[in-house]
Amino acid sequence: AQSVAQPEDQVNVAEGNPLTVKCTYSVSGNPYLFWYVQYPNRGLQFLLKYITGDNLVKGSYGFEAEFNKSQTSFHLKKPSALVSDSALYFCAVRGPSSNSGNTPLVFGKGTRLSVIA
Amino acid sequence: GAGVSQSPRYKVAKRGQDVALRCDPISGHVSLFWYQQALGQGPEFLTYFQNEAQLDKSGLPSDRFFAERPEGSVSTLKIQRTQQEDSAVYLCASSFGQGGGGGYTFGSGTRLTVV
């Protein structure tokens, strides 16, 4: 079974400092990994994904994530945090598609990021 | 449409009442997913459609939950005899393909409160 762990419920960082939001995963086969962001009373917005290729993936709003197969991690990073980055961040994983079609994304419980001015 | 549209945006139901939640996916998107997000939690998978076929309903919590997508576009999630534990945000998502590489586009959700 697929699973995602986000070990931190809350991450606080000062504006301008680098930020990291941690994610580890468990899946059979090669993983498809995603990060989504959720602002209050809004749906989830796609940030970036790793499917194959370069382990460092760049996404929206200056975010990036590094796929580490040996550590089964996919941590989200940004070199310089903005107050507007404050939101709820979800890591998600999907295994390879089966003969019955798409396999659903499995989400972590989320990490609340607070960027302090 | 330009995005995934869900209605109503908010729904308050009395315990025991039936509710129907609507999802209008992006035109041409083959895959459609329903998720339930309880307060302070990540989204939990409910069910998945590929066109009109419901290929996975393993996440539906009880037989009070029913979903359909009769023409392969709009989908409805129905909850019968609502209970307080059904209170959550119900998210719909769609994706173009049926393979594993595509991300989902989510709607803004329907917040259901059962009183």
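The values are calculated or read from the model by the stated rules, or taken from the named source; none is laboratory data. What you are looking at is a predicted structure, and each value in this text was computed from that prediction instead of being measured. Neighbour counts are summed over all protein chains in view; Cβ atoms, including those assigned to glycine, are modelled from backbone coordinates with ideal geometry. Just so you know, the surface numbers come from the protein's heavy atoms only, side chains and all, with ligands and any DNA or RNA stripped out. Shrake-Rupley method; radii C 1.70, N 1.55, O 1.52, S 1.80 Å.
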Review point. Over chain B, what lengths in whole Å, largest first, do the semi-axes of the equivalent ellipsoid take, defined as the square roots of 5 times the eigenvalues of the alpha-carbon gyration tensor?
Key: 23, 14, 13
**Study point:** Exercise: per-residue mean of other protein chain Cβ atoms within 10 Å, B:34-41
**Key:** 3
Practice item. Using a 1.4 angstrom probe, figure out how much accessible area the protein assembly as shown has per residue, in square angstrom, rounded to the nearest whole. Key: 47 Å²
Point to revise | Averaged over A:105-112, number of beta-carbon atoms from partner chains that fall within 10 Å | key: 4
Review point. Are any of the pairs A:LYS22/A:LYS78; B:LYS11/B:LYS57; A:LYS58/A:LYS78; A:LYS49/A:LYS69; A:LYS77/A:LYS109 more than 21 Å apart by Cα-Cα distance, and if so, which?
Key: B:LYS11/B:LYS57
Check your understanding: Could you give the dipole magnitude of chain B about its Cα centre, charging the beta-carbon of Lys and Arg +1 and that of Asp and Glu -1, in debye to the nearest 20?
Key -> 400 debye
Practice item. Please arrange A:ILE116, A:ILE51 by accessible surface area, largest first, computed with a 1.4 Å probe and ligands excluded. Key: A:ILE116, A:ILE51
Review point. Counting Lys +1, Arg +1, Asp -1, Glu -1, what net charge surrounds A:SER84 among other residues with beta carbon under 14 Å of its beta carbon?
Key: 0
Revision key, fill the gap. Note, segment A:7-12: 3J(HN,Hα) by Karplus (6.51, -1.76, 1.60, θ = phi - 60°), whole Hz, Gly/Pro = x, goes x, 10, 6, 9, 10, 10
Practice item. Count, for each residue of A:36-42, the Cβ atoms from other chains sitting within 10 Å of its Cβ, then give me the mean as a whole number. Key: 3
